[in-house]
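Written below as structure tokens is the structure these notes are about.
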Amino acid sequence: MSQEQTPMTGSILRQGRALRLARFSLPGIVFAVTFGFAACTGGNDPMDHNCPTPTGGDGGSGATAMGGMGGTGGQGGTTTSSTTTSTTTSTGATGAGASDGNASGNEDNTFDHENNPGDPFEILKQHLEEGPPEIRGRLHSCQKIPYSSLGEFLSSRGVNMNATVNNGPKPAGQLYKEGKDALGVANYDAREAETYFHTTAGATKLFDIFVQAAPEVIANIQNMPACQIGGVGKPMFDPDTNECVYDSLSCVLGRPAKAEDMKLCNTMVQHAKPGDATDLDLKKRITVAAFLSAAHTCE
Amino acid sequence: MKRDLCLVSLAVAIAAMGACTKDDPNSLLQTGGNSGTAGCPPTGNGGEGGDAGSGGDGGSGAGNTMSTTGEGGSTPVEDPVLAARKLSYTEALRTASFKLVGNAPTLEEMMSIQTLGSEDEKKAKYEELVDKMMSDVRFKRRLVEFWRNTFRQAGAAAGNMPSRDTAPTFAARIVFEKKPFTDLLLANTNTCPTFNGTDFVDGNCPPNGPEGMETVGILTDPGIHAQYYGNLAFRRVRFFQEVFACRKNPAEYDPNASMPPPIEGCEMAQTYTSPWDFTKIGGHTNTGRIDFQDCSSVICGNCHGTINHRAPLLANFDEFGKYEPEFSVLLPLTGTPPAVYTDFLVEGEPTGWKANLPAANLAQLGQAMTSDEEVLQCAVTRVWNYAMSKGDVVVDSASLAPEVIAPLVQKFKASGYNLNATWRDVFLHDDFVRF
């Protein structure tokens, strides 16, 4: 999925710091879509042909479907996942797994992103790369959605922010409430404001929340006032055709969906195994999660 | 090719920095046109008609053109990056909605723009929705949060600690109720309002000093002084500098600063760049107990020239933000003695916001700050950076070329410092609605 093929991120990628921050979103999208196509159903079925098989490597740190996270030495793991429709190959980074100060990987794998910013001279170098200040200042950058706004948004799209479980995967609301620190909330006693930009941990947490939010959004979006016109809402997917519903996808995105969005949305769902309701449900979830991640990495 | 251009730009920028003989750290952060970096060329542009000149102030709101200043004069050219942006009122609505009311727009709001035929109609509808959002109670909440983050403080009163909510609440109220931004540094009543989640409620700060002590905006806010309590009141100085001038120290930079007379044991390896008289700063040549005249490595006076002229004005507030008759901040020396005036400056040396903006007391400090062009520009910069997702101008090194917001600053001043109008202008700005 190239940048040009992704209108949601296309406008972002043209712009200044957004280019750097968008790198946070791309792994999430690639990650999500890869899962969507590959339809790995988790660890329950080790024989599931769609689950990628780590082939290992001398560095031993190849992570399932994410490529190597960068071992501390040697060669990162290599993971290949193939289906009839797509093939993704991700190679773990060699050695420390980092290049140019990035956290892991490189531009040839799926988990290349900048590590947490902080060094002011690195920021200044980044600014210089973004262009002259007279231009840079006139372009939108990529600020994260503030913690409180994220909660408001999820709630308005049908997520129960008070849901908790004692065992098993935590629901989105619980991840949200327990993820304050990762999501960069303020620590005023330490004279620290809420962070304006994602850290690696924060972006990862955000994607986790979106993945868990997706089934709740699918189940409830029709009944959410924010997603209704004239008091009437629509489902996320057409119950007969399983196609994405324009109004609901728009409501998830926060702006009217484009033709490309609809095409991508439908494409992802259509890759469900024929006659497999479970797989179809997974595809729908991952589709919504992918759109949430792509649309709301930046405010 | 693109990479090559980047490298060339970087090389030019580095060369420009290297050629700057003054060691003002802010020269790395600032762009052209700031008096504080007069000795340094604008970063990475200008020169012989390269891609981005630093001249002209016709940038913002004027479409996609900019001026290229070269030896042959100024010629408007279309910048390809700006030209590549696409006008989108629905995309702008999404971003504006998150920023103004803390949530994505509703489906009805999105479609109310999407279904319109012409761009003019869409623009009018977008403006209507921005106005609606700016009158929404949720905008009050966002403003409170914005100022809490800007001031990096919040929290209810507890024990001896005063409320740290009052200052950000006061600032939010000023913006929402379209009061002059200068009230933030000048008002003498209702400077400690509260916010109940829906409405701002009048409130004066609790008795915070000797009877009859004048309130001076947030300059006397007990929460700020408690939050930023520290040795020699330097943390408070830094707070007001960074929040209101949008620059790290050194606050002032004078390329023509007078070098001090030769001082024994202090052969300066670098240039003294503060406009203040070096010999009047507390140090080893006078009675200062901490040597701010030290120049064995860096020139401390380059920052402390200004810092030490401001700190005495803020040094009477104790750790709970209460104004005391005597200085109530300490020195980081054995026994942590209280600071005295001569630790900052020699006796008789007056205090001030800047060398050309004297201030003998807090009321005058407020007057000096509100008459400082840099402070006014900073207020607009913060709104712009918030809207354009640039991050904090200081913490995130998100400095802004002055020409980008020059028309907004002019309008801000002409409006009587109505920052609410600036918020509206920014969210309707031609640059904001292009992606």
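Suppose all protein chains stay in the model; what accessible area per residue would a 1.4 Å probe give for segment B:157-249, in Å²? Walk me through the intermediate numbers first.
Working: 3430 Å² over 93 residues.
Heavy-atom SASA per residue in segment B:157-249 reads 37 Å².
With +1 on the Cβ of every Lys and Arg and -1 on the Cβ of every Asp and Glu, and nothing else charged, how large is the dipole of segment B:359-435 about its Cα centre, in debye rounded to the nearest 20?
Numbers: 6 positive and 9 negative charges, 46 e Å.
For segment B:359-435, the charge dipole is close to 220 debye.
I'd like the FRET efficiency for B:D294 and B:T271, computed as 1/(1 + (r/R0)^6) with the beta carbon distance as r and R0 of 22 Å, rounded to 0.05. Could you put the intermediate results ahead of the total?
Working: r = 16 Å, r/R0 = 0.71.
Rounded to the nearest 0.05, the efficiency is 0.90.
For chains B and A, what's the summed buried accessible area, probe 1.4 Å, to the nearest 100 square angstrom? Write down the numbers at each step before the final one.
On the way: alone 19770 and 15400 Å², together 29870 Å².
Chains B and A together bury roughly 5300 Å² of accessible area.
Suppose every K and R has +1 on its Cβ and every D and E has -1 on its Cβ; what is the size of the dipole of segment A:120-263 about the Cα centre, in Debye to the nearest 20? Each step should come with its number before you reach the end.
Details: 14 positive and 18 negative charges, 28 e Å.
The calculated dipole for segment A:120-263 is roughly 140 debye.
Enter the Cα centre distance for the pair segment B:82-100 and segment A:229-299, rounded to the nearest angstrom.
22 Å
May I ask you to compute the full-extension gain from B:T342 to B:N188, defined as 0.36 nm times their residue separation minus their alpha-carbon distance, rounded to one decimal in nm?
Details: separation 154, 0.36 × 154 = 55.44 nm, distance 3.01 nm.
My answer for the length gained is 52.4 nm.
If you build the convex hull over the alpha carbons only and average its shadow over all orientations, what do you get for segment A:244-294? Give it in nm² to one decimal.
Numbers: hull surface 12.7 nm².
Projected area, direction-averaged: 3.2 nm².
Distance cut-off 18 Å, Cα to Cα: go down the list B:K99/B:K140; B:K179/B:K248; A:K177/A:K205; B:K140/B:K179 and report the pairs above it. Walk me through the numbers before you get to the answer.
Details: B:K99/B:K140 11 Å; B:K179/B:K248 28 Å; A:K177/A:K205 11 Å; B:K140/B:K179 14 Å.
Flagged as over cut-off: B:K179/B:K248.
Would you list, by chain and number, the lysines whose Cα falls below 17 Å from the Cα of A:K283, excluding same-chain residues fewer than 8 positions away?
A:K263, A:K273
Relative to 2.2 N^0.38 Å, what does the C-alpha radius of gyration of segment A:137-244 come to as a ratio? Two decimals please. All intermediate terms of the calculation are to be shown ahead of the outcome.
On the way: Rg = 16.2 Å, N = 108, 2.2 N^0.38 = 13.0 Å.
Here the Cα radius of gyration is 1.25 times the empirical estimate.
How much of the calculated P(r) for segment A:184-254 lies past 17 Å, in percent of all Cα pairs?
Numbers: 1439 of 2485 pairs.
Everything past 17 Å amounts to 58 percent.
Rg/Rh for segment B:298-435: what does it come to with C-alpha atoms and Rh from Kirkwood?
Numbers: Rg = 19.1 Å, Rh = 17.7 Å.
Looking at segment B:298-435, the ratio lands at 1.08.
A:E243 to A:V165: FRET efficiency via 1/(1 + (r/R0)^6), r the Cβ-Cβ distance, R0 51 Å, to the nearest 0.05?
Details: r = 32 Å, r/R0 = 0.62.
It comes out at approximately 0.95.
Report, in listed order, any pair from A:K258/B:K125; A:K144/B:K125; A:K180/B:K322; B:K322/B:K354; B:K86/B:K411 with a Cα-Cα distance greater than 28 Å.
Beyond 28 Å between Cα atoms: A:K180/B:K322.
Just subtract the alpha-carbon distance of B:S371 and B:T287 from 0.36 nm times their residue separation and send over the number in nm, one decimal. Can you show the working numbers first?
Numbers: separation 84, 0.36 × 84 = 30.24 nm, distance 3.30 nm.
Gain on stretching B:S371 to B:T287: 26.9 nm.
Which whole number gives the average, over all residues in B:135-146, of C-beta atoms from other chains lying within 10 Å of the residue C-beta?
Working: counts 0, 0, 0, 2, 0, 0, 2, 3, 0, 0, 7, 2.
Mean shielding count: 1.
For segment B:119-200, just say rounded, prolate or oblate: build the C-alpha gyration tensor, square-root its eigenvalues into a ≥ b ≥ c, call rounded for a/c under 1.5, and beyond that prolate if a/b exceeds b/c, oblate if not. Before the final figure, lay out each step's value.
Values: a/c = 2.90, a/b = 2.13, b/c = 1.36.
Verdict is prolate for segment B:119-200.
Ratio of Rg to Rh for segment B:185-287, alpha carbon only, Kirkwood?
Values: Rg = 19.6 Å, Rh = 17.3 Å.
We get a ratio of 1.14 for segment B:185-287.
The values are calculated or read from the model by the stated rules, or taken from the named source; none is laboratory data. Bear in mind that the values here come from a model prediction, so they are computed numbers and not experimental data. Note: ideal-geometry Cβ built from the backbone for every residue, glycine included; neighbour counts use all protein chains shown. Side chains included, ligands, DNA and RNA excluded: accessible areas come from the protein's heavy atoms. Shrake-Rupley method; radii C 1.70, N 1.55, O 1.52, S 1.80 Å.
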